[in-house]
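Below: one structure, written as structure tokens.
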Amino acid sequence: MVQPPEDLTWFRGTSIRIRNAGLEILVDPWHVDEDVRADYVLLTHPHYDNFSEEDIARVRTPDTIVVAPASMKHLLADADHFMRPGDMLQLDGFDVLAVPAYNIDKKYHLPEHGWLGYVFTVGDTTYYHAGDTDFLDAMHGIRCDVAFLPCGGEYTMGVEDAARAAEVCGASTLVPIHWGAPHAGREEVERLRELFSGDVVILDPVR
């Protein structure tokens, strides 16, 4: 089952909300201005537009499970689980695999930091949220239904590599994230419809 677009929210940057199987999952909550209460929060890395303590506090409840890279332990000691690339968690109705996320020829996201993307299954759908990354050979080993892929091109891969990443991980649906002024605009992102063989769901950010 492919996730209906109405059950997906893109706030901005890499901040995504997924509603499925009675669960509410937020990745990198930032500028979350709705009445959101998360069952799971997944954090990819500690840049200001990915790690907002204010937004985490807003969506967190006593029952919220927070997952973060092991390298963020000094910033968020009360997270429930710290992961490294290759680690896997099996939780109640929610399996998550941590995968690498870094730049190949840029210095914004270095492999030695151990920052993450996540592959997780909820209900009948497997998602891949890539975090801030370039195209990596490791993506050939990922299998998913829905891929949230950055495509701004300045700090992450651009649209051509995002389409390639979606193809190699077997996604049926590509949802572009981390785009918009001053980087890849709507016209550039629309090119994904020509570059990717599956469905492209372009979400409008919540303002």
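Listed values, structure above:
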{"quantity": "Highest-fluctuation residue, 161, 55, 28 considered, GNM on the chain with Cα pairs under 10 Å", "calculated": "55"}
{"quantity": "Which of 90, 22, 45, positive extreme of dipole for the chain (C-beta unit charges)", "calculated": "45"}
{"quantity": "Theoretical gain in end-to-end length, residue 37 to residue 21 [0.36 nm per residue, Cα-Cα removed]", "calculated": "4.3 nm"}
{"quantity": "Estimated dipole of region 5-200 in Debye, rounded to 20 [Cβ of Lys and Arg +1, of Asp and Glu -1, Cα centre]", "calculated": "280"}
{"quantity": "Unit Cα scatterers, Debye sum, region 166-207: log10 I(q)/I(0) for q = 0.18, 0.26, 0.27, 0.32 Å⁻¹", "calculated": "-0.52, -0.95, -1.00, -1.20"}
{"quantity": "Within a Gaussian network of the chain (alpha carbon springs, distance under 10 Å), most fluctuating of 159, 168, 119", "calculated": "168"}
{"quantity": "Shape category assigned to region 1-103 from the gyration tensor of Cα positions, a/c cut at 1.5", "calculated": "rounded"}
{"quantity": "Cα-projected label distance for residue 172 with residue 63, points at 7 Å along beta-carbon direction, nm", "calculated": "3.0"}
{"quantity": "DSSP beta bridges in the chain [antiparallel fraction, %, rounded to 5]", "calculated": "55"}
{"quantity": "Spherically averaged projected area in nm², based on the convex hull that wraps the Cα atoms of region 116-174", "calculated": "3.5"}
{"quantity": "Order of 74, 109, 45, 140 - criterion: other Cβ atoms within 10 Å of each residue's Cβ, fewest first", "calculated": "74, 140, 109, 45"}
{"quantity": "Helix-only mean residue ellipticity at 222 nm for the chain, each DSSP H run of n ≥ 4 adding -39500 (n - 2.57), per residue, nearest 500", "calculated": "-3000 deg cm²/dmol"}
{"quantity": "Exposure proxy order (Cβ contacts within 10 Å, fewest to most) of 71, 197, 52, 15", "calculated": "197, 71, 52, 15"}
{"quantity": "Relative contact order (percent, whole number), the chain, Cα cutoff 8 Å, 6+ residue spacing", "calculated": "16"}
{"quantity": "Neighbour-count order for 133, 126, 121, fewest beta carbons within 10 angstrom listed first", "calculated": "121, 126, 133"}
{"quantity": "Computed lengthening from residue 71 to residue 106, 0.36 nm per intervening residue step minus Cα-Cα distance", "calculated": "10.6 nm"}
{"quantity": "Distant alpha-carbon pairs in the chain (separation over 22 angstrom), percent", "calculated": "42"}
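Throughout, read-outs are computed from the coordinates displayed, never taken from laboratory work. Source: prediction; values computed, not measured. Glycine also receives a Cβ, built like all others from the backbone with ideal geometry; neighbour counts cover every protein chain displayed.
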